[in-house]
């Protein structure tokens, strides 16, 4: 069962060399063990999850020359930062 009523904030931080998209939620957060494993294929904390969402997302970001960062503490939600190279025209 999914939690209801949470909030998600999305922020864009443009820079001269890269652009960061930051996703911050107010969920329950993650413990250290979960943080170590979230990008491993088939790791999931959900009953109906496949454990492929974050590994596939990370792979897509990396294939575009970027990277992902995550910070979380129990009781404090989670923050995911997607950092991609800026394209100059």
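State whether one or more residues within region 22-32 are more than 30 Å from residue 88 (Cβ to Cβ), over 12 Å from the mean Cα position of the chain (by Cα) and exposed (fewer than 13 other Cβ atoms within 10 Å of the Cβ). Checked region 22-32: at least one residue is more than 30 Å from residue 88 (Cβ to Cβ), over 12 Å from the mean Cα position of the chain (by Cα) and exposed (fewer than 13 other Cβ atoms within 10 Å of the Cβ).
Restricted to region 1-14, and to residues there that are in contact with a strand residue (DSSP E or B) (Cβ under 9 Å, 6 or more places away or on another chain) and part of a loop (DSSP other than H, G, I, E, B), the residue that is modelled with the lowest pLDDT is 6. Counting only residues that are part of a loop (DSSP other than H, G, I, E, B) and closer than 23 Å to residue 32 by Cβ, region 51-88 holds 7 of them. Residue 22 passes every criterion in (1) without any contact (Cβ under 8 Å) to a residue 12 or more places away in the chain; (2) part of a strand (DSSP E or B) apart from (1). Taken over region 48-89, residues that are over 18 Å from residue 19 (Cα atoms), touching a residue at least 40 places away in the same chain (Cβ under 8 Å) and exposed (fewer than 11 other Cβ atoms within 10 Å of the Cβ) amount to 1.
The values are calculated or read from the model by the stated rules, or taken from the named source; none is laboratory data. The structure displayed is predicted, hence computed values, not measured ones. Note that we place each Cβ from the backbone using ideal geometry, even for glycine, and neighbour counts take in every protein chain shown.
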